[in-house]
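The values are calculated or read from the model by the stated rules, or taken from the named source; none is laboratory data. Just so it is clear, the model here is predicted, and its values are computed rather than measured. Cβ placement follows ideal geometry from the backbone for every residue including glycine, while neighbour counts extend to all protein chains displayed. Note: areas computed on protein heavy atoms with side chains; ligands, DNA, RNA excluded. Shrake-Rupley method; radii C 1.70, N 1.55, O 1.52, S 1.80 Å.
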Amino acid sequence: MQEFKVTYFFDEEHYIRRFIYMESQEKAEELIQSERDRYISFRDSRGIYHELNTRDVRVIQLSDYNRVDKSKKASE
């Protein structure tokens, strides 16, 4: 499974990020496309619950994400 970062932009200053795990970029794109113009819900990395109407989003950005383990980096 690959991790992808999805960013929902409302304007130049306001956005919400979500991380998803999918088999491929194509599958991640299919998920994002299937969620158009509807409500979705998810918890972010801090455990905060979000309900989002994708109809209100101006731009959705999807990118491959390579998480860095900060605990290992700090001990080096």
If one compares the long axis through the Cα atoms of helix 25-34 with the longest principal axis of the Cα atoms of the chain, the angle in degrees, nearest 10, works out at 30
Summing -39500 (n - 2.57) over every DSSP H run of at least 4 in the chain, dividing by its residue total and rounding to the nearest 500, the 222 nm mean residue ellipticity is -5500 deg cm²/dmol
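Ignoring ligands, DNA and RNA, what accessible area per residue does the chain give at 1.4 Å, in Å²?
Details: 5890 Å² over 76 residues.
Ligands and nucleic acids excluded, the result is 77 Å² per residue.
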Plugging the Cβ-Cβ distance of residue 10 and residue 64 into 1/(1 + (r/R0)^6) at R0 = 22 Å yields, to the nearest 0.05, a FRET efficiency of 0.40
Note, the stretch 54-68: 3J(HN,Hα) by Karplus (6.51, -1.76, 1.60, θ = phi - 60°), whole Hz, Gly/Pro = x, goes 5, 4, 8, 8, 8, 9, 10, 10, 10, 9, 5, 10, 10, 5, 9
For the chain the mean separation of alpha carbon contacts under 8 Å (6+ apart) over residue count, i.e. relative contact order in percent, is 37
Extension length gain for residue 37 and residue 55 (0.36 nm per residue less Cα distance), in nm, is 6.0 nm
What the Cα atoms of the chain span along the principal axes, largest first and in whole Å, is 45, 28, 22
Whole-percent carbon and sulfur contribution to the accessible surface of the chain (1.4 Å, no ligands, DNA or RNA) stands at 44
